[in-house]
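Here's the structure we're looking at; comments come further down.
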Amino acid sequence: MLGSERLVGIKVGLPDKTPAKNQDADKRSIGQGVFGKCAGCAAVWTRERLAESWEVCPTCGHHHPININRWMHLLLDGGHLDRWATSLRTGDPLGFNDGKPYPDRVARARINSTADEAIEIGQAHVYGVAIAFGGFAFNFMGGSMGSVVGERIAILFETAQEQRLPVLLLHSSGGARMQEGILSLMQMAKAVAARARFRAANLPYLSLCVHPTTGGVAASTALLGDVNVAEPNALIGFAGPRVIENTLKTKLPAGFQRSEFLLDHGMVDCVVPRAQLKQTLHQLMIHLGGNAA
């Protein structure tokens with residue numbers, strides 16, 4: 001995963017006489033899971049200290065990825081979400097096999113991640129304000145958008161409209177899911193249409209883009225919020241910078257497709273450090289909620 005931390009090991013005490021190969025193995029194992037090395041400045045912190053700061057480096061402020069469960073504990077009261085559409089399950093419409101059958105990849109993703117699909121939706125509260133919440137799980141097949149993800153986004157907006165709730169949708173995705181082909185791309189239109197109906201109901205929608213938000217997800221709901229919020233230095237865009245450079249045969253500007261670049265060019269409305277996100281989103285909801293009819 002982009003921007004993930006690298007664990008480091010330490011060795012203390014007097015040198016021993018074990019073979020060098022075994023000593024190297026000891027070095028790797030002693031500190032494993034105890035220390036984390038910042039991907040931004042290489043500072044070393046205990047895993048406990050990084051957890052306390054929500055995986056933001058206390059030295060340089062680099063924002064490391066966190067999973068959807070941690071996001072819910074950061075943003076939602078008590079980390080609690082009353083989930084919707086939990087019975088939806090991914091099919092295999094194309095019989096896709098790239099060396100491993102698609103159903104096997106989905107099953108493995110459920111085991112390795114903390115989610116049953118690449119997005120979780122439901123009702124929650126932010127400082128007591130009832131909201132409809134959706135959050136992408138990047139560790140589930142890169143947060144890719146397949147049929148279930150598209151359907152859940154549509155249900156998120158439709159149910160929020162029925163219950164007159166504001167929507168907060170956290171985006172973190174590599175884009176459309178290739179294993180579902182054109183059916184995956186169709187979810188872009190479905191999600192945007194649901195968003196348009198929600199807008200017509202004069203209800204607020206906040207979009208939160210975290211690292212990375214790319215592909216078909218960036219090209220659909222990610223930048224259609226009444227307010228588009230991003231965390232620092234998040235990669236947000238359709239095609240990646242290397243793809244664009246290779247296609248156009250040109251050098252892109254420094255910081256291209258990062259949150260601060262998008263803020264300067266009007267694509268996002270504010271860049272907010274992780275520790276301040278809940279308070280900022282709450283204030284925005286209160287402000288926009290006053291306009292709901």
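Structure notes:
- Tally of residues being surrounded by fewer than 17 Cβ atoms within 10 Å (Cβ to Cβ) and of a type in the set (Lys, Arg) across segment 194-223: 2
- Among the residues of segment 97-130, those that are in a loop (DSSP other than H, G, I, E, B) and surrounded by 15 or more Cβ atoms within 10 Å (Cβ to Cβ) comprise SER113, ALA115, ASP116, GLU117, ALA118.
- Among the residues listed as GLY150, GLY143, GLY128, the single one being more than 26 Å from HIS282 (Cβ to Cβ) and modelled with pLDDT of 95 or more: GLY150
- PHE157 being closer than 19 Å to ARG70 by Cα and either surrounded by 15 or more Cβ atoms within 10 Å (Cβ to Cβ) or in contact (Cβ under 8 Å) with a residue 40 or more places away in the chain (or both): no
- Whenever a residue of segment 214-241 is at positive phi, its partners that are buried (at least 23 other Cβ atoms within 10 Å of the Cβ) and assigned to a loop (DSSP other than H, G, I, E, B), lying with C-beta atoms within less than 6 angstrom and at least six residues away or across chains, give the pairs GLY215/GLY174; GLY215/GLY175.
- Residue match in segment 103-118 (condition: touching a Gly at 6+ places or on another chain (Cβ under 6 Å) and over 18 Å from GLY142 (Cβ atoms)): no
- Residue match in segment 224-241 (condition: surrounded by 15 or more Cβ atoms within 10 Å (Cβ to Cβ), under 16 Å from ALA118 (Cβ atoms) and touching a His at 6+ places or on another chain (Cβ under 6 Å)): no
The values are calculated or read from the model by the stated rules, or taken from the named source; none is laboratory data. For clarity, every value in this text was computed on a predicted model and none was experimentally measured. Neighbour counts run over all protein chains shown; Cβ positions are idealised from the backbone, glycine included.
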